[in-house]
Amino acid sequence: MTLVPDLDTLLRLVLPKLLFMTVLSAVVGGVVGAVVAGIVSLLRRSRPGAVGPAVWGSFLGVLLVGLLPIEANPASLIGGPYAGLWFLSMALLFVPVGAVGGALLGMLAIGHPRARLRGPRALAALTLGAYALSAVVLTLTLSPPAITIRTPQPGGPFPLLAEVSGLESIPSHLALSGDGRQLAVLSVRYGRQQVDILDLTSRQQHRIRNLHGKPEGQQTLREILSTLAFTVDGKELVTAALQQVQVRSLPAGRPWLRLDGGSVAYPMAAGRLVTLTPNDASPAPRNLQVWDLASGRRLQAMPADLNTVERAMLPVAVSPDRRLLALPLRVDDDRIEVWDIPQARRITTLELGRRAGLLALAFSPDGGQLAVALGQGPPIAIWDLATARRIRSLDRPQSVQQLHWTTEGLLASSDDGFRVLSPQDGRVLHTLPPGAAAPSVPARPVLSLGPSALSGDRSTFAVPIPGQGIAVWRVGRPVTAD
């Protein structure tokens, strides 16, 4: 909550609400003020000479008493039929009181012969004061909370690098730049998506303005975002909607390239970008497409059938050097293909032997091995890409929902949180402390309710903690591409 609104809040919330309140107050105040003045003149058996003061008072009464409590309530930002019923019920309660009460006060304060507020300067000052009060109240109640980045004292084998607080809900998606210095957060506030770019080193932050470019009611599946990703150099942000992928220049975030893709996007080496075909609700297979970022030209289509996937986190992995991409042809397939994207060729195929339900994939820091999380059988299997053979299995009591591989071990997420596992025998080497983001708060499980993100160099890891914000840890030594 801030007294000085940013430009987006001012243009999108405060000014439109003031305009709506002005129009509705003028209509209601004009009618009610005239009626009240007429009734009072009949009761006094006099000429209706106080119509102007009654209309002016009714206008301000509707503005301040009838509409301001409604429009200043954050519930007014929620759309839908229930919000309309809520607004109607609140208006029926507050607007008549403000309209009639304001008209009577206007007649007493202005229409009385001895009133001190009869001059135009006094009326103008009161009107400007009413608008100033309305603007301040709207700003205080509707401005989003300030996002804060705190740098704690480092300590332990996996030091906490940053604590991000001020988010009102669990982020829809997270993305870390290649060096782990920038964090992109996709979140939703009262039905409206927003993307914040946070510099974890300098603590600077930037919110992409005019994210969709269209009013909420006109958005299509080309504007509703699903995932985020930084390009290899960190100078651009790739946002993927269900039926379109946009490449945005930072820090402004304006899209300069729109591609016919959907749901997810994977920036690769040599200026390549891999996207999923748009989701048009048809039974046709959803393939992966390879694009040239410089020209926006589609270079290749990789056949796959990923229609059964209903979540953004596909079982797809990108190697640390951003050259290799591992994916199954289907989610329930018994094969995993590994492609060299810059050379546009498949380098190996891993034969699982049976369909065990693929949950997640992760390349080793050197790119020579692939960890496979399965829904059935051994939860994690390690495969050697040179020989296309499984070299070991790691027994875990629970299935793994998210999987990352750093120089310090495997980051595996399940229902009870994230743990660092030894890739040799599956031993638990460390548990990312759930209470580290707030030392005064008792430790509690880090539930895998939201997305996680690993930087391109495999050194930095970000995950939301319910009720606390986003915790960012140093989880390994930086891995640089050759």
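Brief remarks on what is shown
- Per residue, the chain reaches -6500 deg cm²/dmol at 222 nm when only DSSP H runs of four or more residues are counted, each adding -39500 (n - 2.57).
- Reciprocal mean inverse distance between Cα atoms of segment 57-216 - Kirkwood radius, Å: 19.7
- Rounded if a/c under 1.5, otherwise prolate or oblate - segment 21-90, Cα gyration tensor axes: prolate
- Compactness relative to 2.2 N^0.38 Å, alpha carbon Rg of the chain: 1.27
- Local net charge near TRP339, Cβ-Cβ under 14 Å (Lys/Arg +1, Asp/Glu -1): +3
- The distance linking segment 326-360 with segment 128-174 is 41 Å (Cα centroid to Cα centroid, whole angstrom).
- Distance between the 7 Å Cα→Cβ label points at ALA91 and LEU19: 1.8 nm.
- Sequence-distant residues sharing a close amide H with GLN244 (under 5 Å, placed H): GLY261, SER263
- Seen against the Cα atoms of the chain and their longest principal axis, helix 51-61 is set at about 30 degrees.
- Segment 189-260: C-alpha gyration tensor shape, a/c 1.5 cut-off, then a/b vs b/c: oblate
- Calculated FRET value between ASP425 and ARG150, using beta carbons and R₀ = 35 Å, to 0.05: 0.45
Just so you know, all these numbers are worked out from the coordinates, no wet-lab data involved. Only a predicted model underlies this, so the values are computations on that prediction, with no experimental measurement involved. Ideal geometry is used to build each Cβ from the backbone, glycine not excepted, and the neighbour counts take in all protein chains shown.
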